[in-house]
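**Q** Dropping the structure in here first, questions after.
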Protein chains: 2
Amino acid sequence: MRVVIPYTPDDPKSRLGPPLDPDERAAFAACMLEDVVAAARDAGARPEVLSTGQLEDPPAPVHVDERSLSPAVDATLDPPMAVVMADLALLTPVAVRRALEAPGDVVLAPGRGGGTNALVVRDEAFSVDFHGVSIADHREIAAEAGLEVTEVDSYRLSTDIDEPEDLVEVLLHGGGRAADWLRGAGFRPVATDGRVTVARG
Amino acid sequence: MRVVIPYTPDDPKSRLGPPLDPDERAAFAACMLEDVVAAARDAGARPEVLSTGQLEDPPAPVHVDERSLSPAVDATLDPPMAVVMADLALLTPVAVRRALEAPGDVVLAPGRGGGTNALVVRDEAFSVDFHGVSIADHREIAAEAGLEVTEVDSYRLSTDIDEPEDLVEVLLHGGGRAADWLRGAGFRPVATDGRVTVARG
């Protein structure tokens, strides 16, 4: 199955700076993209990058569309196909396969904080809306079109890496390039009073 | 299988105040406990509450142990058995069953932020350590005892409700008493610039 992976090469992952400077954010985002592409490929799917700009040395075929996420993804919709976010640094081929093999006209993988981190679309009546509370919007769009929805219960699919507090998830549960990059940059988990966070150096 | 659910009735969920006052936190924590007990029971398991104090009208048999979490849980370990945290407000019988049916001497369900939200223990050589980065500690304890570890990839098991930002997960993905309680108390999801959060009233 085609797996479209949206990506923004211009100033990516701005909420990760600090602790990461702009060059580091670009390098880290590229590692996460490579991990997601590799997980999709190892799951037997055909990854494609949907990018807002040209990429040097892309890990998969690239289609450039400068528009924002929802219209750009909608323009690629050609069921059956999947959309997977580029910042799922914990992704594994097994987790990708759980989404691709789930039944239903539309398969949704919720992201933490109301997001939709992956979806499988098997019916042309569906369209995407990544703005706002996208998991609720996607359920509603599917319901209005009379489509059957399945949700995939996966921690790896639910974990997108947006904010500094997310980096510890990569260190503790990631096994790819992004985790290697973070360790190489000196990050390590530290336990504080409440949740566990990261320290550098 | 026996499922031990640790619970603290005295000033529970302190990080949820504000937005919740102490009485509200106690009521909400009790709803989450009831949801976890119901999910375990509906999964065909035998839930037991391991409480630091007496409970009025408990949803399952109660064993009182005033000690802190790790020694209290260690004292209940009698394999095969499971331990499931009391604040997993998104838990379903299917998610519980995925943990109980996973193979291995030890099954770990990671929680966000380095935690361990559920575990299945099938070998007496294992012991628990919930302090610090517990998922890393549990992997190490199992490795040192030569035990085979399986990890369960579940968003529902990974989501413990500790902080105000976690409440939106309950509203969007919970289907039990805790979600009903939150809605009844006037909470609803709102989309801001970054992640989605909750508003009241």
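**Q** Going through segment B:14-122, which trypsin sites (Lys or Arg not before Pro) have at most 16 other Cβ atoms within 10 Å and a DSSP loop state?
**A** Within segment B:14-122, the qualifying trypsin sites (Lys or Arg not before Pro) (loop, at most 16 other Cβ atoms within 10 Å) are B:R67.
**Q** Among B:H138, B:T192, B:V64, flag the residue with its Cα farthest along the positive direction of the charge dipole of chain B, charges on Cβ as +1 for Lys/Arg and -1 for Asp/Glu.
**A** B:T192
**Q** Suppose we keep just the alpha-carbon trace of segment B:1-147; what are its Rg and Dmax in angstrom?
**A** Using the Cα atoms of segment B:1-147, the pair Rg, Dmax is 14.8, 46 Å.
**Q** Hey, another quick one. Heavy atoms of the protein only, probe of 1.4 Å, neighbouring chains included. What is the accessible area of A:D123 in Å², nearest 10?
**A** Rounded to the nearest 10, the figure is 50 Å².
**Q** Relative to the Cα centre, what is the charge dipole magnitude of segment B:158-201, using +1 at the beta carbon of each Lys and Arg, -1 at the beta carbon of each Asp and Glu, and rounding to the nearest 20 debye?
**A** Value, rounded to 20: 320 debye.
**Q** With unit charges on the beta carbons (Lys and Arg positive, Asp and Glu negative) and the dipole taken about the Cα centre of the protein assembly as shown, which residue among A:L108, B:L100, B:G17 sits farthest to the positive side?
**A** Selected residue: B:L100.
**Q** If you place +1 on the Cβ of every Lys and Arg and -1 on the Cβ of every Asp and Glu, how big does the dipole about the Cα centre of segment B:13-145 come out, in debye to the nearest 20?
**A** Rounded to the nearest 20 debye, it is 420 debye.
**Q** Can you give the convex hull volume of the alpha carbon atoms of segment B:71-201 per residue, in Å³?
**A** Output value, Cα hull per residue: 112 Å³.
**Q** Note down the nm distance, to one decimal, between modelled labels 7 Å out along Cα→Cβ at A:S14 and at A:T192.
**A** In this crude label model, A:S14 to A:T192 measures out at 2.4 nm.
**Q** Across chain A, where is the longest run that never hits GluC sites (Glu not before Pro) in a DSSP loop with at most 16 other C-beta atoms within 10 Å?
**A** Result, exposed sites excluded: A:67-123.
**Q** May I ask for the distance between the Cα centers of segment A:14-58 and segment B:163-201, given as a whole number of Å?
**A** When both Cα centres are located, 31 Å separates them.
**Q** I want to verify the translational diffusion coefficient of the protein assembly as shown in µm²/s; compute it with Stokes-Einstein, Rh as the Kirkwood radius over Cα pairs, at 10 °C and 1.306 mPa s.
**A** 73 µm²/s
**Q** What is the spin-label model distance, in nm, from B:A75 to A:H131 if the labels are put 7 Å beyond Cα along the C-beta direction?
**A** If labels sit at B:A75 and A:H131, their model points lie 5.7 nm apart.
The values are calculated or read from the model by the stated rules, or taken from the named source; none is laboratory data. What you see is a predicted model; the values in this text were computed from it and never measured. Note that each Cβ is placed from the backbone with ideal geometry, even for glycine, and that neighbours are counted across all protein chains shown. What goes into the accessible areas is simple: the full protein's heavy atoms, side chains included, and nothing from ligands, DNA or RNA. Shrake-Rupley method; radii C 1.70, N 1.55, O 1.52, S 1.80 Å.
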